[in-house]
Amino acid sequence: MSTFETSPHVVRPQQQRSRAALAKIVAAAEQLLRTKGADGFSMAEVAEAAGLPVGNIYRRFRGKDELLQAIKYEITARIEEAVGERLSERPFENMADVIERFAAATCETFAADEKLYFAVFAAQRGGTSEMDRIGARGRRRIFSRYREALLPFLQGVAGDKVELMARVSFHIITAPVLGKARAADEALSDLSWTALGDEFGRAALAYLRANMESIPKRA
């Protein structure tokens, strides 16, 4: 379900007509993002593509930054929803099952609209903008779902090690996903999304298994 009607970055529509206009604006903006990138279009172009007066856009978004933030909030929610759905299909067979489902759900979501994700994630600026903060908050929520699914397979491991192992294994998978989404690494760009999920999922699982074997267990 779309977050646009409840997003903190959108003036919330009250009537069906307003909701329909919002949907047109968002669809137009997302298509321009795919074809021109975040820096390549104006609010006037969004209005033209949506078939609406530009004033209609500004009644819902104070400016282009807020429009981009709303789209980032929405696509982050799509990842969270995909991960949540995949990890809710319990019971898990084993730890490998958790990793495989998480990596597959994440990569499949990015693969489904690669150009849009590239445009939005490439628009982040050094960790200090609202775009970056939206992403960081989303990652924390997604990590919480992953951690919850993983914890039953880390029983007997000391508490501080459990948290570290969950975070590092999460990062092993998500860092290359974001690197590929931003086209920040040619080696990652050459991998398909399926291959990336498989390869780094295996790396995360190997890390977890190695640590399970080597660290002291709780008495």
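The values are calculated or read from the model by the stated rules, or taken from the named source; none is laboratory data. Given the structure is predicted, the values throughout are model-derived calculations rather than measurements. Here the Cβ is made from the backbone with ideal geometry for all residues, glycine too, and neighbour counts use every protein chain on show.
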For the range 21-41, pairs from a residue that is closer than 14 Å to LYS115 by Cβ to a residue that is charged (D, E, K, R) and surrounded by fewer than 16 Cβ atoms within 10 Å (Cβ to Cβ), with Cβ under 7 Å and 6 or more apart or across chains, are LEU32/GLU45; ARG34/LYS115
Only one of (1) surrounded by 15 or more Cβ atoms within 10 Å (Cβ to Cβ); (2) under 22 Å from GLY37 (Cα atoms); (3) under 14 Å from the mean Cα position of the chain (by Cα) does not apply to PHE102, and that is (2)
Over the range 135-175, the set of residues among the small types (Gly, Ala, Ser) and either touching a helix residue (DSSP H, G or I) at 6+ places or on another chain (Cβ under 6 Å) or within 24 Å of GLN69 (Cα to Cα) (or both) is GLY135, ALA136, GLY138, SER144, ALA149, ALA166, SER169, ALA175
The number of residues in the range 151-195 that are farther than 24 Å from ARG34 by Cβ and part of a loop (DSSP other than H, G, I, E, B) is 3
Checked the range 119-147 for anything modelled with pLDDT under 95, farther than 17 Å from ARG78 by Cβ and part of a helix (DSSP H, G or I); matches are GLU130, ASP132, ARG133
Filter the range 61-118 for residues that are within 12 Å of ALA149 (Cα to Cα) and among the basic types (Lys, Arg); the one that is modelled with the lowest pLDDT is ARG90
